[in-house]
Amino acid sequence: MAGGLKITLEFGGGAELLFGNSKKHEVTLPTCDKPWTIRNLLPWIKDNLLKERPELFLQGETVRPGILVLVNDADWELLGQLDYEIEAKDTILFISTLHGG
Amino acid sequence: MTQKIIEDLEIEIAGLEKILRSKKLELKNLRESVLTSPPKANKRLTKEDIERFSRQIIIPAIGCKGQMALTAASVLIVGAGGLGCPASQYLTGAGVGCIGLVDYDDVECSNLHRQLLHSEESIGMPKVSSASEALKRLYSKTNIVEYKTQLRSSNALDIVSKYDVVVDATDNVATRYLLNDACVMLGKPLVSGSALRLEGQLTVYNYNGSPCYRCLFPKPPPPETVTNCGDGGVLGVVPGVIGVLEALEAIKIVLGWTGVLSGQLLLFSAESGTFRNIRLRGRNPGCDACGDAPTITSLIDYEQFCGTKATDKDTALKLLAREQRISPETLNEIFICKKKGLLIDVRNSEEFDMCAIPHSINVPLKNIDDPSTVNKIKGLLQNDDSHQENLSVYVVCRRGNDSQKAVLKLQEILRDQNLVICDLEGGLHAWSKKIDASFPVY
């Protein structure tokens, strides 16, 4: 898989339940002529990792309300949101916010 | 003879408890009439204060000045449950002068694994009274103000305005938005914690240029994506950890420290024993609540905004017609006594393992339309040697909500099978009440 983009995807706060209850996924994104952004990562996740009920993860081209996206422990809003260009070894965490107490 | 003595003792104890309750209420009312406002900070700490708080006063970052600030401070805690119990306990321990507690709910048995200010004796009591009594036992001088009410748009501003710092220890989305908006309007820092299963989250909103809840979550989550502790479960230690940290953040705000967890989100995983600190966006100038031109200038209808009730209680769904639902009595007669039909329990396997109706089979709701499940159900139906006409499938869950969703799905999947598919109205709670009192209600 030479040339692929190796990154870590993590899911938490209950979002992991949509991914076979697995919180951490080491993945290699296939080489592509355009740079990988979160905008095109999301459909890739849907096709390759998501096990059930995509509507509980995605809404339109972005994540559903209540899910925070964090790139290397920083809010994706600080990094250009959907347009953030993914780099090798990035860790991208999708966390569903909790409301219980 | 012994039975009679037991009965007499029970009656006598009940009478004494009644007297004790009324005496405590009288004492509380008297104290409240004396202490209508938080005690004013004395110029100097008393002998008792020094002896009691010396271990924290001698920390250079606190000192006498810090202790006097804590004595003069008032903190509102919304929710006297899994987060509110530890938060209020540590704030009381630290000597915070006035603590407001808001909770409309009464103590239930299923609270006691995590809400440790309450005890077996307080089951059925208002949570605010039970918590207040426990806090008073810890430190009798603290002024505890009880609000046995739900926080609403009509009372939130009035209550919140009386306090310096607010702790969100609630259990539902609608109240979280309400509390956020009230704190933004009144300029109060909001320490916000939450917990579910084995994870916790903590941050401070609306403080020193940090975002508010709406900056992060402009739109509420779809109701079907929200899980409460009753459905998802929670290990008591997890809200314990987060609630204690909420107390810590409130103390830091009172003391004016710089390291407050605003603009950051702390993620706690009990499973991996890790804390992760996330850098959050700044305040959004376009935010509906705290932005430069806010559109929310008075409190709105938060249940409507979120599409859910402002509690963590489940409301009864009505997806099925009368004739598609059966009573516990009918289920008992047909399935248990006549051994007819197939009973599918759609709860999670963990819940099914805890307790289940004999001979029921477990197909969790989320797996109900898997092809393997459909084949399994069809196989079981073919093996059923009862008469072909009126072959019945009964569906059961905890309260009778998920079972209705499952019936709708099964009707779709099994529409070629000529079956009668019904659910048990009121679920296993109703089963326990009407048929089998030994069946646990949880």
* **Estimated dipole of chain A in Debye, rounded to 20 [Cβ of Lys and Arg +1, of Asp and Glu -1, Cα centre]** => 300 debye
* To do: Beyond 20 Å between alpha-carbons counts as too far, so tell me which of A:K46/B:K409; B:K4/B:K434; B:K28/B:K65; B:K127/B:K148; A:K46/B:K366 fall in that bin.
  => A:K46/B:K409; B:K4/B:K434; B:K28/B:K65
* Stokes-Einstein at 20 °C, 1.002 mPa s, Kirkwood radius from Cα pairs: D for the protein assembly as shown in µm² s⁻¹? -> 82 µm²/s
* Asked: Which whole-angstrom value gives the distance between the alpha carbon centres of region B:270-311 and region B:125-157?
  -> 25 Å
* What nm value, rounded to one decimal, do you get for the distance between B:V420 and B:Q304 when each label is placed 7 Å out toward the C-beta? -> 4.3 nm
* Structure fact -> Reduced to Cα centres, the span from region B:339-374 to region B:204-267 in Å works out to 36 Å
* Asked: Which of B:T308, B:V234, B:G256 sits farthest toward the positive end of the charge dipole of region B:190-310, with +1 on the Cβ of Lys and Arg and -1 on the Cβ of Asp and Glu?
  -> B:G256
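Using heavy-atom solvent-accessible surface (probe 1.4 Å) with all chains present, what is the largest-first order of B:R398, B:R31? Could the numbers behind the result be given before it?
Values: B:R398 20, B:R31 90 Å².
Correct descending sequence by accessible area is B:R31, B:R398.
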* To do: Estimate the FRET efficiency between B:Q3 and B:Y442 by the formula 1/(1 + (r/R0)^6), using the beta-carbon distance for r and 35 Å for R0, to the nearest 0.05.
  => 0.65
* Structure fact -> Among the DSSP H helices of chain B, those whose Cα atoms extend at least 30 Å along the helix axis and whose mean Kyte-Doolittle hydropathy is -0.5 or higher are B:2-34
* Given +1 on the Cβ of Lys and Arg, -1 on the Cβ of Asp and Glu, and no further charges, what dipole in debye does region B:110-269 carry about its Cα centre, rounded to the nearest 20? -> 280 debye
* Structure fact -> The value for region B:256-327 (convex hull of the alpha-carbon atoms, volume per residue, Å³) is 244 Å³
* Fraction of alpha-carbon pairs over 19 Å apart in region B:80-131 - percent -> 20 percent
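Can you figure out the FRET efficiency of B:E329 with A:T28, using R₀ = 41 Å and their beta-carbon distance, to the nearest 0.05?
For R0 = 41 Å, the calculated efficiency reads 0.10.
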* Structure fact -> Using alpha-carbon positions, the gyration tensor of region B:183-312 gives root eigenvalues a ≥ b ≥ c; with a/c under 1.5 called rounded, otherwise prolate if a/b exceeds b/c, else oblate, the class is oblate
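Figure the gain on full extension for B:K148 and B:S272 (residue separation times 0.36 nm, minus the Cα-Cα span) and round it to one decimal in nm. List each step's numbers first, then the result.
On the way: separation 124, 0.36 × 124 = 44.64 nm, distance 3.75 nm.
Taking 0.36 nm per residue and subtracting the Cα distance, the gain is 40.9 nm.
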* Cα coordinate range in chain B, projected on the principal axes (Å, largest first) -> 87, 72, 41
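With the cut-off at 28 Å, tell me which of the pairs B:K309/B:K378; B:K340/B:K433; A:K23/B:K433; A:K89/B:K219 have Cα atoms farther apart than that. Could the numbers behind the result be given before it?
Details: B:K309/B:K378 38 Å; B:K340/B:K433 22 Å; A:K23/B:K433 40 Å; A:K89/B:K219 31 Å.
Listed pairs above 28 Å: B:K309/B:K378; A:K23/B:K433; A:K89/B:K219.
Between B:K433 and B:K28, what FRET efficiency comes out of the Förster formula 1/(1 + (r/R0)^6) with R0 = 35 Å and r the beta carbon distance, rounded to 0.05? Numbers along the way, then the final one.
Working: r = 35 Å, r/R0 = 1.01.
It comes to 0.50.
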* Asked: Beyond 19 Å, what percent of the Cα pairs of region B:294-348 remain?
  -> 59 percent
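Order the peptides B:14-26, B:322-334, B:76-88, B:51-63 from the highest to the lowest mean number of other Cβ atoms within 10 Å of their residues. Write down the numbers at each step before the final one.
Details: B:14-26: 10.5, B:322-334: 16.2, B:76-88: 30.0, B:51-63: 13.0.
Ranked by mean Cβ neighbours within 10 Å, highest first: B:76-88, B:322-334, B:51-63, B:14-26.
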* Structure fact -> The Rg/Rh figure for region B:304-442, Cα atoms and Kirkwood Rh, to two decimals is 0.97
* Determine how large the accessible area of B:V184 is when every protein chain is in place; take a 1.4 Å probe and give Å² rounded to the nearest 10. => 30 Å²
* Once both axes come from the Cα atoms, what is the angle between helix A:38-48 and the longest principal axis of chain A, in degrees from 0 to 90, rounded to 10? -> 80 degrees
* Structure fact -> Sorting B:T295, A:T97 on solvent-accessible surface, 1.4 Å probe, most exposed first, gives B:T295, A:T97
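Dipole magnitude of region B:52-163 about its Cα centre, charges +1 at Lys/Arg Cβ and -1 at Asp/Glu Cβ only, in debye to the nearest 20? Can you show the working numbers first?
Details: 11 positive and 9 negative charges, 123 e Å.
Dipole magnitude for region B:52-163 comes out near 600 debye.
Just checking the output field for B:191-199: average partner chain Cβ neighbours within 10 Å of each residue's Cβ?
Numbers: counts 0, 1, 2, 6, 4, 8, 5, 0, 9.
Rounded to a whole number, the mean comes out at 4.
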* Structure fact -> From most to least accessible, 1.4 Å probe, no ligand or DNA/RNA atoms counted, A:I45, B:I123 line up as B:I123, A:I45
* Structure fact -> For B:K405, the aspartates and glutamates lying under 16 Å Cα to Cα, once residues fewer than eight places off in the same chain are dropped, come out as B:E224, B:D231, B:D314, B:E323, B:D345, B:D369, B:D370, B:D423, B:E425
* Asked: Over the heavy atoms of A:W44, what accessible area does a 1.4 Å probe trace out, to the nearest 10 Å²?
  -> 40 Å²
* Asked: Among B:H359, B:H118, B:H429, which one shows the biggest mean-square fluctuation in a GNM of chain B, springs joining Cα atoms closer than 10 Å?
  -> B:H359
* To do: Mind grabbing the base-10 log of I(q)/I(0) for region A:8-83 at q = 0.18, 0.25, 0.27 Å⁻¹? Debye formula, identical points on the C-alpha positions, no solvent, two decimal places.
  => -0.75, -1.53, -1.71
* Label B:L319 and A:W44 with points 7 Å out from Cα along Cα→Cβ: what is the distance between them in nm? -> 3.6 nm
* To do: Report B:Y163's accessible area, 1.4 Å probe, all protein chains in place, as a number in Å² to the nearest 10.
  => 10 Å²
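The values are calculated or read from the model by the stated rules, or taken from the named source; none is laboratory data. Quantities reported herein were computed from a predicted structural model and do not represent experimental measurements. Glycine also receives a Cβ, built like all others from the backbone with ideal geometry; neighbour counts cover every protein chain displayed. Calculation scope for accessible area: heavy atoms of the full protein, side chains included, ligands and nucleic acids excluded. Shrake-Rupley method; radii C 1.70, N 1.55, O 1.52, S 1.80 Å.
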